[in-house]
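Written below as C-alpha cells is the structure these notes are about.
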Amino acid sequence: MIEITSLVKHFGPILAVDGVSFSVARGEVLGFLGPNGAGKSTTMKMVTGFLVPTSGTATVAGHDVTREPLAVKARIGYLPEGAPAYPDMTPEGFLNFVARVRGLSGSRRRARIDEVVSRVNLQGVMRQPIDTLSKGFKRRVGLAQAILHDPEVLIMDEPTDGLDPNQKHEVRNLINQMASTKAIILSTHILEEVEAVCTRAIIINRGKVVADGTPAQLKARHSSGRLDDVFRAITTGDTARSGKAGRP
C-alpha cells in the first residue's frame, strides 16, 4: 500500500530526511519512532503530499505522490501534528465541510459523520466552536476528519497527544479495529503505544532509518528487554547497558 524508496528532503543546507526507504502493507500498523528533529513529520508530510521530496519516490496504493497527488490524497487519511482545524467552526460544521471536500453527499455524508462522531465520542461538543475545545477534544476532531472518508491508508502524527488515559485507550482500540483493512503509520513518543497497537516499528535518527522490526524483535536488542532502553541506545549511542543494542 505504501512504498517509500530513497526519500530525501533538504531545507536549504539542512538535510532533514536522508535516503529513507520502507514499505507498509495492508493490515500493518507501523510505529514511526525517533527523537525530536529526526525527520518523522517531514517524511509523513512528503508521503501525504504536503511537501515535495528533494529526491526519491513515494507511492500510495500504486500512485506516485509527486505525479498523482490528488489520487494519493483521496486514499489517505491524515492527522497532522497539532490537529489543525478552523477555530471558528464547530465540529459539526467542520466535519460537514471535510465531507463535501471528500466528495461525500446526502445520506452517505450524514451516515459517515454520525459514525465517526460516535467512534471518537464527540457527541457532546458538536455545536461548540473548535477554538473553545480542550486539547483532547481538538485531537478527536482531527482524528474524526482523518477517518471520515474511510481511507485505505491512515497516517497519524501523535494521535493521542493531549488525551487522558481513558481517551488514549479508546483511540488505541479504534486503531486496532481499523488495522486489518488499512495500512497505518503512527508516529508517537509514547513507547507503550507501540507495544499496544503496532505490528512493526521503525526508528529514524538524523534522517535515516536505524532500526526496523516487530516490537518484540526491537526489545530483544537490549538486555533489559525494554523498548525505551532500545530507543535510547540506538538514538544516543548509549550502549553501556545495552547488551545487543549496538549490533546491526
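The values are calculated or read from the model by the stated rules, or taken from the named source; none is laboratory data. These numbers come from a predicted model, not from an experiment. Neighbour counts run over all protein chains shown; Cβ positions are idealised from the backbone, glycine included.
Are any of the residues in the stretch 79-97 closer than 24 Å to THR42 by Cα, touching a strand residue (DSSP E or B) at 6+ places or on another chain (Cβ under 6 Å), in contact (Cβ under 8 Å) with a residue 60 or more places away in the chain and buried (at least 17 other Cβ atoms within 10 Å of the Cβ)? Quick ask: steps written out before the conclusion?
Quick first cut of the stretch 79-97, residues closer than 24 Å to THR42 by Cα only: 79-86.
Of the ones still in play, those that are also touching a strand residue (DSSP E or B) at 6+ places or on another chain (Cβ under 6 Å) are 79-81.
Subsequent filtering for residues that are in contact (Cβ under 8 Å) with a residue 60 or more places away in the chain retains 79-81.
Narrowing the set further to residues that are buried (at least 17 other Cβ atoms within 10 Å of the Cβ) leaves 79-80.
Yes, some residue in the stretch 79-97 is closer than 24 Å to THR42 by Cα, touching a strand residue (DSSP E or B) at 6+ places or on another chain (Cβ under 6 Å), in contact (Cβ under 8 Å) with a residue 60 or more places away in the chain and buried (at least 17 other Cβ atoms within 10 Å of the Cβ).
Here's the yes/no breakdown for (1) at pLDDT below 95; (2) part of a strand (DSSP E or B); (3) among the basic types (Lys, Arg):
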site: SER23; (1), (2), (3): no, yes, no
site: GLY31; (1), (2), (3): no, yes, no
site: LYS45; (1), (2), (3): yes, no, yes
site: GLY49; (1), (2), (3): yes, no, no
site: THR59; (1), (2), (3): no, yes, no
site: LYS73; (1), (2), (3): yes, no, yes
site: GLU81; (1), (2), (3): yes, no, no
site: MET89; (1), (2), (3): no, no, no
site: VAL98; (1), (2), (3): no, no, no
Could you list all residues from the stretch 229-248 that are at pLDDT 90 or above and either among the acidic types (Asp, Glu) or at positive phi (or both)?
-> ASP229
